[in-house]
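Working notes, beginning with the structure itself.
The values are calculated or read from the model by the stated rules, or taken from the named source; none is laboratory data. Here the structure is a predicted model, which is why all the values come from computation and not from measurement. All Cβ positions, even for glycine, are placed from backbone atoms using ideal geometry, and neighbour counts span all protein chains on display.
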Ligand code: IMP
């Protein structure tokens, strides 16, 4: 399969890091197409935990090449810190990571503005990660962004930073009543931190085109999840990029016809970090149990994740908008101690049953889940490596999810480690 896209089917945190690492074994290149260091991909290998925010999880597989595409926004300091951590963990990163010159640079001021924007009393909180993602994509859309290519042309860089700063300073002074930033020090600091990123810059679009025509295998790694997509998610409670499979085309420059496989990753229950509608949320003991058993605390911000039952309406929607060919079901073992399980099969809207995600957030905020109850297996699946090992009731749960979601479940994750995986 030359080009595969892997996406999250819920609100992020589906456990994509482990799955990317797993699938990377058979890939040549692993490429990130959107987002930035707001992602938190956790991978456990031989009991050792690695948390990656920006660099594709494929870096943990020896010899695999990793690409950060034009659709990604890169915080140079976060990138360099991640490289350092990988080196300290004994991972050889030499010549294995390339950043597109078209990827945009996250300036420190954008992290300040991200937080300041969230603190505004007049605006509803989104609950962003505070990593400067939204302001950097906004700059890009305003044509005031700083792609890494600009760092290769001093005159262009200084003019672009001056233009961007002029606007930002006006916002800081007039809107946030803050102190304006000194343009000279912003330029100096930006150059200082970016200089160590420059050696990683190369035309990733050409690298990918050559690799694809040579028959190499490329895995496009999505971050966040379908419901956080800026166009297809629960706007405005979304991230600032296209997380869906189509984002791989725009975010990497790979033509749609070259993509031949889409894998969706979904948790055996649902979680969400940050604000926004979440129909199956459980604000009770059951929610707390899921949070505790699933260690549902953000890998990037440490925030507790909101937890709830599996939402099949979301799953069906994700299968549709991403064109998912196969599903990877993660964290099945988290449900091991439950006597009964609920799956949301439809929503109730003022007494009317609806089976698809409403295209209006005001409606989604009002719906109530309609549940079907299933028996739990109340026994251990943790660490299972074959389908036959799973208790019948766990197999029934999987069969139910598969049928209602509309795509086959081919891989089941039963624990954080590489080995705790069932491949059907
Ligand atoms: P931002 O991406 O930092 O702008 O945050 C926008 C929304 O996306 C917030 O609700 C975040 O909690 C959420 N978000 C961003 N990245 C992730 C992620 O990797 N996993 C889960 N939620 C995320």
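Screening residue 169 on (1) touching a residue at least 40 places away in the same chain (Cβ under 8 Å); (2) crowded, with 18+ Cβ neighbours inside 10 Å shows it passes everything except condition (1). Here residue 309 passes the criteria (1) over 30 Å from residue 211 (Cβ atoms); (2) touching a residue at least 24 places away in the same chain (Cβ under 8 Å); (3) touching a strand residue (DSSP E or B) at 6+ places or on another chain (Cβ under 7 Å); (4) within 16 Å of the ligand (Cβ to nearest atom) except the one numbered (4).
Restricting to region 348-364, and then to whatever is surrounded by 14 or more Cβ atoms within 10 Å (Cβ to Cβ) and out of contact with any helix residue (DSSP H, G or I) (no Cβ under 7 Å at 6 or more places or on another chain), can you tell me which residue is farthest from residue 226 (Cα to Cα)? Write out each step before concluding.
Here is the first cut: in region 348-364, the residues surrounded by 14 or more Cβ atoms within 10 Å (Cβ to Cβ) are 348-349, 354, 357-358, 361, 363-364.
Keeping just the survivors that are out of contact with any helix residue (DSSP H, G or I) (no Cβ under 7 Å at 6 or more places or on another chain) gives 348, 354, 361, 363-364.
Values: 348: 22, 354: 20, 361: 15, 363: 18, 364: 15 Å.
Of everything passing the filter in region 348-364, 348 is farthest from residue 226 (Cα to Cα).
Among the candidates 58, 63, 17, which residue alone is buried (at least 24 other Cβ atoms within 10 Å of the Cβ), outside any strand (DSSP E or B) and more than 14 Å from the ligand (Cβ to nearest atom)?
Working: 63 fails: buried (at least 24 other Cβ atoms within 10 Å of the Cβ); 17 fails: more than 14 Å from the ligand (Cβ to nearest atom).
Going through 58, 63, 17 in turn, just one is buried (at least 24 other Cβ atoms within 10 Å of the Cβ), outside any strand (DSSP E or B) and more than 14 Å from the ligand (Cβ to nearest atom): 58.
Pick from region 27-55 the residues that are out of contact with any strand residue (DSSP E or B) (no Cβ under 6 Å at 6 or more places or on another chain) and assigned to a strand (DSSP E or B): which of them is nearest to the ligand (Cβ to nearest atom)? Going through the qualifying residues, I end up with 35.
Answer yes or no: is there a residue in region 230-249 that is part of a helix (DSSP H, G or I), buried (at least 24 other Cβ atoms within 10 Å of the Cβ), assigned by TED's automatic domain parsing to the domain that holds residue 7 and more than 14 Å from the ligand (Cβ to nearest atom). Show your work before the answer.
Within region 230-249, the first condition is being part of a helix (DSSP H, G or I), and the residues that meet it are 247-249.
The next check asks that each one be buried (at least 24 other Cβ atoms within 10 Å of the Cβ); those that pass are 247-248.
Remaining after also requiring assigned by TED's automatic domain parsing to the domain that holds residue 7: 247-248.
Those still in the list that are more than 14 Å from the ligand (Cβ to nearest atom) too: 248.
Looking through region 230-249, at least one residue is part of a helix (DSSP H, G or I), buried (at least 24 other Cβ atoms within 10 Å of the Cβ), assigned by TED's automatic domain parsing to the domain that holds residue 7 and more than 14 Å from the ligand (Cβ to nearest atom).
Which residues, taken from region 271-297, are within 12 Å of the ligand (Cβ to nearest atom) and crowded, with 17+ Cβ neighbours inside 10 Å? Break it down into steps so the answer makes sense when it comes.
First, the residues of region 271-297 that are within 12 Å of the ligand (Cβ to nearest atom): 271-278, 296-297.
Within region 271-297, 271, 272, 273, 274, 276, 277, 278, 296 meet the criteria.
Based on what the data block shows, is residue 106 within 14 Å of the ligand (Cβ to nearest atom), touching a residue at least 12 places away in the same chain (Cβ under 8 Å) and touching a strand residue (DSSP E or B) at 6+ places or on another chain (Cβ under 8 Å)? So residue 106 fits the description; yes.
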